[in-house]
Amino acid sequence: MDAQATYMYQNPNDQGPRTPRRPDTGGNGSSNNNSGGNGSSILFRVIVIAVVVIIGFYLFRMFTSDNGMVSSDTIEVPYSTFYQQIKSGNVESVTFQGQDATGQFKNAITVNQKTSNKFHFMTLPDGDPTLIKLLQQYHVTYQAKPVPDNNLLYILLNLAPWILVIGVFFLIMRRATQSQQNIFSFGKSRAKLILEDRPSTTFGDVAGVDEAKNDLVEVVEYLKTPQKFQRLGGLIPRGVLLVGPPGTGKTLLARAVAGEAGVPFFSMSGSEFVEVLVGVGASRVRDLFEQAKKASPSIIFIDEIDAVGRQRGSSINSNDEREQTLNQLLVEMDGFDARQAVVVLAATNRPDGLDKALLRPGRFDRRVTVDRPDWNGRLSILKIHTRTVPLAKDVDLLAIARSTPGMVGADLANLVNEAALLAARRNLDYVTQNCFLESLDKIQIGAERPLILSDEDLNVIAYHEGGHALTGLLTEYVDPVTKVTIVPRGQALGVTQYTPLDDRYNYAQDYLEAQLVTALGGRAAEQVAIGHITTGAENDLQRVTAIARQMVTKWGMSDRLGTISFSEREDPFAGTALASNSREYSEKTATLIDEEVNRIVKRAYERAVNLLTEHRVTLDRIAQALRTNEVIDAKQLREIMIETGAIEAAPASYR
């Protein structure tokens, strides 16, 4: 109930959830990379690359060896032509390299329609014994160059197929060995390790949970300087249990502790301990704690520990594997060496279902509550999430923090992200206040839906939302009405928003009764202004019934039943064939509870009808403004109240 109140005209065709679900970023899932095959993959790639390079080099030499000494302007001449040119005195120089010979004529000649003074020819296979004497006789400059030695290349080319075959065989054997090892690796811990020299999060990244941070400072100090506490006989808490609603930052706090302490951080989810094979979970627990002890001082973080630490014997569908894992966890936490600085952090949003042996001193000595932040904490969280977001000058983070009661860190991070995406879609250079407000409406109510409604439906919705707004304006102890709209959003065809001035942690009976009046204002407006009722009050009636029943059964706000709690006892076998009626009171008392709930709701409805009947002119004016503008804010509502004279009947806070 500390969330922002919203009363909606319900679409009967929409059977989905009434409020949007919010993402939980408090969890820290661990990603495990199987690197067992990396060595084999690298070796195989190296072998393939080497073979390809050798073959490519061989082919290149094979196709270029004959023409390596020949340039583009060189003509190919027969040996006989070369012989004739020598006798003609036209050869200036010649160079021999094996059977290849190149040189230069004194005067260019034409061979095969190509003219050049550079030539190339192949010598006779067995050589010409008279060639040297002939060159000397005609004063031709000649020289010989050594032939490149390709023996190594030939050796490598001959060995390349064998290297490839041996490499493939080795790879197959390596894979087979790893497959056998994987059969016995189920019991190895899959914890994600964050080393001390790479802290990703510190306490500077955590806001809105100052009390929880203060409780964890001592743990950080012990991990940094354990001798400070050990010299006086003090022992570090064996375990710290972080408890709180989803998205409040439990996992973020655990990471911040590791980052501040500068120690190895082993992170693992509770569900990762349990596998199909029996004994795997216990083996993983042993392996995890063994790794942490070797790396001490260190931190073990088990996220969602309720997956493995649920109370034993609480269900007839007991899981022996899970209970064995829990037993091993209890043994490991109780068997710590006091000189080994290993701290176990765990997070859960269901602490009531944890086994009592897990919560006793010596295991989880401390329970740190990570609760929803107040407006000051929400402001700090918004400042952290907007550090990298360019904000316009009109952005008021304080106003946003006060208008988001009940939101946790994950919700605020989502709000900032949605506002940034909206600004990007509109091609803005900065995120404006309007982007934040529209994103807040989208998160809390839903996106706008382009429904085509008839005039009759629009008239009913306008009066329905006008009834919510007017009863809120005329009733004391009600949070201020900030906006009324008949634009369809999410599951609602119209919405009336009430924004509290401050966070509430305790509710007076007058406040709860006022909530009933405003919630029934929509149904009462339909009866007063239209003369018949519709299905649009479905969500309102559910809320009213829930509040009234809690007033009677939990909070002792009924004179007939007195100050006794009649809340139902939890049934450990709920949902099974053994489940039975778990109420701890008689049928007569149950009938009396129903009568009291009906009396409280009926009295609130009569009050709403009387208020709207007395101020019918104001109700008509609000409905008319909604039909014209579709959305009216608090300022417009006040002007209508002054115009129709209803401002005098409103509480002092509205005048």
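What follows is calculated from the coordinates using simple rules that are stated; it is not laboratory data. Every value quoted in this text rests on a predicted model; they were computed, and no experiment measured them. Note that we place each Cβ from the backbone using ideal geometry, even for glycine, and neighbour counts take in every protein chain shown.
Listed peptides 163-171, 237-245, 365-373 appear in the order 237-245, 365-373, 163-171 once ranked by packing, highest mean of other Cβ atoms within 10 Å at the front.
Nearest 20 debye, what's the magnitude of the dipole of region 375-444 about its Cα centre given +1 on Lys and Arg Cβ and -1 on Asp and Glu Cβ?
On the way: 8 positive and 7 negative charges, 29 e Å.
Taking the Cα centre of region 375-444 as origin, the dipole is about 140 debye.
Distant-in-sequence amide contacts of Ala101, defined by a placed amide H-H separation under 5 Å and a gap of 5 or more residues or a different chain, comprise Phe121, Thr123. Taking packing as the residue-averaged number of other Cβ atoms within 10 angstrom, the listed peptides 437-443, 553-559 run from highest to lowest as 437-443, 553-559.
Taking amide H positions as modeled 1.01 Å from N, with prolines and chain starts lacking one, the residues under 5 Å from Phe301 and 5 or more places away or on another chain are Phe266, Ser267, Met268, Leu345.
Is region 375-444 rounded, prolate or oblate when judged by the Cα gyration tensor, a ≥ b ≥ c being the square roots of its eigenvalues, rounded requiring a/c under 1.5 and prolate requiring a/b larger than b/c?
Details: a/c = 1.72, a/b = 1.45, b/c = 1.19.
Prolate.
In a fully extended conformation the segment linking Thr613 and Glu218 would gain 136.0 nm over its present Cα-Cα distance, using 0.36 nm per residue.
Apply the a/c threshold of 1.5 to the C-alpha gyration tensor of region 65-144 and tell me whether it is rounded, prolate or oblate.
Numbers: a/c = 1.65, a/b = 1.14, b/c = 1.45.
Judged from the Cα gyration tensor, region 65-144 comes out oblate (a/c at least 1.5, b/c at or above a/b).
Each Cα pair under 8 Å and six or more residues apart adds its sequence gap; the mean of these over the residue count of region 375-444 is a relative contact order of 38 percent.
Extension gain for the segment Trp162 to Lys383, taken as residue separation times 0.36 nm less the Cα-Cα distance, is 73.1 nm to one decimal.
What is the Cα centroid distance between region 352-400 and region 72-99, reported in whole angstrom? When both Cα centres are located, 91 Å separates them.
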